[in-house]
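Trainee: To start, I am sharing the structure in question, which I have written as structure tokens.
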Amino acid sequence: MIYVKEPVCKRCGQPIEHERKEYCYDCKSGKHTYAQGKSVWLYKGEMKESIYRFKDGGRREYAIFYARESARIYGKWIRNKGIEAILPIPVHKNKRKKRGYNQAELYARELGKILGIFVDTRSLVRTIDTMPQKELNDKERKNNLKKAFKIETDSVQWKKVLVVDDIYTTGSTADAAANVLKKSGAEEVYILSITIGKGY
């Protein structure tokens, strides 16, 4: 498994080739709704297999290891940002029923336990059973996620939140979640994913 190491994009956290560059191609050409993102491993080889087993192979216990490493590497960063709550990217009820769980929620719960931060699994919900993002191009990904999320409560009581997921690709999912959270009262939304695709 390959850990994400510097140099990385200052916005999304994707590895970049040149130390002098501050942002990856995606972040330089487009604006994200979230404040900053971090990831633990590159989504390739061993980690690709590991995530597949975690997501579709019933290996729920992997969440403990992912959370421990995330806390070890980014615990200080999370505390420095003053995070008040951790919110997992929700899955649609159809997907949850089929899989039996939401992998991002398992990860969030373990991370919250280690860091002593409240895990909010109710505020952010997925209203549309979207197509898998990996099967779509950039434009299709953004359209796929339009109105995919909503806030279940009247407003979000947290000002600084950390949204967690298993894979970060273009940031479309993160942006869609951050967008509804900010419209509902959150001031700063940070992103932490277990794995991330390679930047430019």
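The values are calculated or read from the model by the stated rules, or taken from the named source; none is laboratory data. In this text, all values refer to a predicted model and were calculated from it rather than measured experimentally. Every residue, glycine among them, receives a Cβ derived from its backbone with ideal geometry; neighbour counts consider all protein chains shown. Side chains included, ligands, DNA and RNA excluded: accessible areas come from the protein's heavy atoms. Shrake-Rupley method; radii C 1.70, N 1.55, O 1.52, S 1.80 Å.
Trainee: Could you state how much accessible area Lys198 has, in square angstrom rounded to the nearest 10, with a 1.4 Å probe and all protein chains kept in place?
Mentor: Accessible surface of Lys198 is approximately 120 Å².
Trainee: While we're on this one: In whole percent, what relative contact order does the chain give with Cα contacts below 8 Å and a gap of six or more residues? Don't jump to the answer; show the numbers that get you there.
Mentor: Working: 367 pairs, mean separation 56.6, N = 200.
About 28 percent, as a whole number.
Trainee: Additional query: Hey, got the dipole for region 41-120? About the Cα centre, +1 on K and R Cβ, -1 on D and E Cβ, debye to the nearest 20? Before the final figure, lay out each step's value.
Mentor: On the way: 19 positive and 9 negative charges, 53 e Å.
Charge dipole of region 41-120: 260 debye, to the nearest 20.
Trainee: Working with all protein chains in place, sort Phe118, Phe65, Phe149 by solvent-accessible area computed with a 1.4 Å probe, largest first. Don't skip to the end; give the middle numbers.
Mentor: Numbers: Phe118 115, Phe65 90, Phe149 15 Å².
Listed by decreasing accessible area, they come as Phe118, Phe65, Phe149.
Trainee: How would Tyr66, Tyr74 rank on accessible area, largest to smallest, probe 1.4 Å?
Mentor: On the way: Tyr66 0, Tyr74 30 Å².
These residues rank, largest area first, as Tyr74, Tyr66.
Trainee: Given the -39500 (n - 2.57) contribution per DSSP H run of 4+ residues, what per-residue ellipticity at 222 nm results for the chain, rounded to the nearest 500 deg cm²/dmol? Can you show the working numbers first?
Mentor: Details: 7 runs with 75 residues, N = 200.
Value at 222 nm, helices only, nearest 500: -11500 deg cm²/dmol.
Trainee: Is there a pair in Lys21/Lys48; Lys10/Lys150; Lys5/Lys95; Lys5/Lys147 whose C-alpha atoms are over 31 Å apart, and which pairs would that be?
Mentor: Numbers: Lys21/Lys48 27 Å; Lys10/Lys150 28 Å; Lys5/Lys95 33 Å; Lys5/Lys147 34 Å.
Exceeds cut-off: Lys5/Lys95; Lys5/Lys147.
Trainee: Can you send over the carbon and sulfur percentage of the accessible area for the chain, probe radius 1.4 Å, protein chains only? The partial results should precede the final answer.
Mentor: Details: 5120 of 10920 Å².
Answer for the chain: carbon and sulfur cover 47 percent of the accessible area.
Trainee: Using unit Cβ charges (K, R positive; D, E negative) and no other charged atoms, how large, in debye to the nearest 20, is the dipole of the chain about its Cα centre? Numbers along the way, then the final one.
Mentor: Working: 41 positive and 25 negative charges, 49 e Å.
It works out to roughly 240 debye.
Trainee: From the phi of every residue in region 68-83, what ³J(HN,Hα) in whole Hz does the Karplus formula 6.51 cos²θ - 1.76 cosθ + 1.60 yield, where θ is phi - 60° and glycine or proline is x?
Mentor: With coefficients 6.51, -1.76 and 1.60, one gets 4, 5, 4, 5, 5, 7, 10, x, 5, 4, 4, 5, 5, 7, x, 4 Hz.
Trainee: Have a look at Ala176, Ala85, Ala35 and tell me which one the Gaussian network model of the chain (Cα, springs below 10 Å) gives the largest fluctuation.
Mentor: Maximum among the listed residues: Ala35.
Trainee: Something else about it: When the Kirkwood radius is taken over all Cα pairs of the chain, what Stokes-Einstein diffusion coefficient follows at 4 °C and 1.567 mPa s, in µm²/s?
Mentor: Values: Rh = 16.8 Å.
After rounding, the answer is 77 µm²/s.
Trainee: Using just the Cα positions, wrap region 146-200 in a convex hull and report its mean projected area in square nanometres, one decimal place. Mind showing how you got there, number by number?
Mentor: Numbers: hull surface 16.7 nm².
Computing the convex hull of the Cα atoms and averaging its projections yields 4.2 nm².
Trainee: Taking the full set of protein chains and a 1.4 angstrom probe, give the accessible area of Ser155 in square angstrom, rounded to the nearest 10.
Mentor: Its accessible surface works out to 70 Å², give or take rounding.
Trainee: Tell me the per residue accessible area of the chain using a 1.4 Å probe; a whole number in Å² is fine.
Mentor: With all protein chains present, the chain gives 55 Å² per residue.
Trainee: Right, something else. What number, in percent, do you get for the relative contact order of region 151-200 if the mean sequence gap of Cα pairs under 8 Å and at least 6 apart is divided by its residue count? Present the calculation step by step, with values, prior to reporting the outcome.
Mentor: Values: 62 pairs, mean separation 26.0, N = 50.
Computed over region 151-200, the figure is 52 percent.
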